[in-house]
Amino acid sequence: MPRVLVNMPSQHAGRPSGVALVAFRVMAGLIERGTVSVVLRSPWTREQLPASIRDRIAVVTVPRPRVMLLDVLRQAITVPRLCRALAIDVVLNVDPYGAAFGGRVRVSVVHDLYFRTMPGRARTREALTTDPIFRLVLGKSARIIAVSETTRHDLGRFYPSLRDRTQTVPSAAMLDPAATDPGSELPAGPYVLAVGNALYNKNFATLARAVATLARPGLGIVHVGEDPDEAIAAALGDAPVRLTRLSRIGDGRLADLYRGALCLCVPSFAEGFCLPVLEAQALGCPVVCSDRSATPEIAGAGALTFDPDDAAALAACLRRLLDEPGLRGALIARGHDNARRYDWAETARRYEALLLGALRDAAGANDAREVPHAHPAP
């Protein structure tokens, strides 16, 4: 049975980011399929891992690096050594901050290219160091997985040599549709839900300006995530809009917030995939999202879209949800249909096919290189 090293050094231990959650679901799916064995190399300890994989994989715990570029160079030495010791066949880098060498072959996942698609908003050091990391790790990968067609297109635009090696494998909704938290209370009155840390791509300030412009008494904003710069509050100013801040809440409470919201709003300038869109749709929450990047692709017909540079356009979408009878129900129905197009079992099957296909191709290439050196038959 082939051995897969799932390489995830860039993620914080015990803090389940979108990248880590996808990796855990993929590992669980691969284990269920039963064709490969899995070793996880990451800052996570076995005790911190989800129960679905905790006792079913081998675990190599490493410290999270402080400087990603230096660590990628270090991995060029340490990961091949680890692969030899553990008889690893294929390295699966869950993002490009992984190993350029090691195993018989490597497969790498790309979640976004914000440093390329939003160059004016990326930090200078990030912009300068991420490009050589991508060129090294992806250049040495036999297969590249893009999480959306948008991300695949961006990769092909900025790195044309990678086009023929890149395939799209989407994720699916994370939350259990039956999840609930009987002990939690929903905010009073109607509210627009925003999910995710307030990073430069999220554009939550436009949501705040739109709700303030709408001036509907009682309409609030619930933000689940971190906002250290108080971007939402600053954009609201003195507007009488109720802002509820939540972070690191359980799945049950988050599911309840989706169910109770007027809508999920995703005003992002750029998204590589955007799991909250599918989570909302699976839980019967209408979606209002940016018409840029991957959000309209993932949301399908189950969303109202708007220009993320135009707070008035977002306000118009929210006004429609509040005032048009039947619109909310129609969006919920179309959202359910769209969310059903995404399935973790299918995601695992496609990962498996890419991993095993890369191994077969590597074996075939090795056989072809050996043929010219064979002695002719007598």
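The values are calculated or read from the model by the stated rules, or taken from the named source; none is laboratory data. Please read all numbers here as calculations on a predicted model, not as lab measurements. Cβ atoms come from the backbone with ideal geometry, glycine included; neighbour counts cover every protein chain shown.
Those residues that are closer than 24 Å to residue 226 by Cα and either hydrophobic (A, V, I, L, M, F, W, C) or surrounded by 19 or more Cβ atoms within 10 Å (Cβ to Cβ) (or both), I need them from the stretch 3-15; list them, please.
Of everything in the stretch 3-15, those that are closer than 24 Å to residue 226 by Cα and either hydrophobic (A, V, I, L, M, F, W, C) or surrounded by 19 or more Cβ atoms within 10 Å (Cβ to Cβ) (or both) turn out to be 8, 9, 10, 11, 13.
Which of the residues that make up the stretch 158-214 are in contact (Cβ under 8 Å) with a residue 40 or more places away in the chain, over 27 Å from residue 300 (Cβ atoms) and acidic (Asp, Glu)?
Across the stretch 158-214, the qualifying residue is only 181.
Every residue, every condition in (1) more than 17 Å from residue 352 (Cβ to Cβ); (2) in the same structural domain as residue 153 (by TED's automatic domain parsing); (3) at pLDDT 95 or above, yes or no:
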position: 17; (1), (2), (3): yes, yes, no
position: 25; (1), (2), (3): no, yes, yes
position: 33; (1), (2), (3): no, yes, yes
position: 38; (1), (2), (3): no, yes, yes
position: 42; (1), (2), (3): yes, yes, yes
position: 75; (1), (2), (3): yes, yes, yes
position: 108; (1), (2), (3): no, yes, yes
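Just name the residue that is farthest from residue 344 (Cα to Cα) out of those in the stretch 20-41 that are surrounded by fewer than 19 Cβ atoms within 10 Å (Cβ to Cβ) and in contact with an Asp or Glu (Cβ under 7 Å, 6 or more places away or on another chain).
Step by step, filter the stretch 20-41, then rank; the result is 35.
Taking the stretch 70-81 on its own, how many of its residues are touching a residue at least 24 places away in the same chain (Cβ under 8 Å) and more than 11 Å from residue 99 (Cα to Cα)?
Residues flagged as touching a residue at least 24 places away in the same chain (Cβ under 8 Å) and more than 11 Å from residue 99 (Cα to Cα) within the stretch 70-81 amount to 0.
Given the condition over 18 Å from the mean Cα position of the chain (by Cα), buried (at least 19 other Cβ atoms within 10 Å of the Cβ) and not aliphatic (A, V, I, L, M), answer yes or no: does some residue in the stretch 46-64 qualify?
Looking through the stretch 46-64, none of the residues is over 18 Å from the mean Cα position of the chain (by Cα), buried (at least 19 other Cβ atoms within 10 Å of the Cβ) and not aliphatic (A, V, I, L, M).
Would you check which residues across the stretch 173-195 are of a type in the set (Gly, Ala, Ser) and modelled with pLDDT of 95 or more and list them?
Of everything in the stretch 173-195, just one residue is of a type in the set (Gly, Ala, Ser) and modelled with pLDDT of 95 or more, namely 194.
Inspect all residues belonging to the stretch 86-104 and state whether any of them is assigned to a helix (DSSP H, G or I) and closer than 15 Å to residue 40 by Cβ.
There is at least one residue in the stretch 86-104 that is assigned to a helix (DSSP H, G or I) and closer than 15 Å to residue 40 by Cβ.
Is one or more of the residues making up the stretch 276-297 in contact with a Lys or Arg (Cβ under 6 Å, 6 or more places away or on another chain), crowded, with 22+ Cβ neighbours inside 10 Å, over 27 Å from residue 185 (Cα atoms) and of a type outside the set (Val, Ile, Thr)?
no
Return yes or no: is residue 264 in contact (Cβ under 8 Å) with a residue 40 or more places away in the chain, under 30 Å from residue 182 (Cα atoms), crowded, with 21+ Cβ neighbours inside 10 Å and not hydroxyl-bearing (Ser, Thr, Tyr)?
Considered against the rule, which asks whether it is in contact (Cβ under 8 Å) with a residue 40 or more places away in the chain, under 30 Å from residue 182 (Cα atoms), crowded, with 21+ Cβ neighbours inside 10 Å and not hydroxyl-bearing (Ser, Thr, Tyr), residue 264 comes out as yes.
Could you check residue 239 against (1) over 20 Å from residue 319 (Cβ atoms); (2) surrounded by fewer than 19 Cβ atoms within 10 Å (Cβ to Cβ) and say which number it fails?
(1)
Need a quick list: helices (runs of 4 or more DSSP H) entirely within the stretch 273-367 having at least 2 residues that are farther than 21 Å from residue 216 by Cβ, in contact with a strand residue (DSSP E or B) (Cβ under 9 Å, 6 or more places away or on another chain) and modelled with pLDDT of 95 or more.
Result: 275-282, 295-299, 327-339.
If residue 112 satisfies all but one of (1) surrounded by 23 or more Cβ atoms within 10 Å (Cβ to Cβ); (2) under 20 Å from residue 27 (Cβ atoms), what's the number of the condition it fails?
So the condition that residue 112 fails would be (2).
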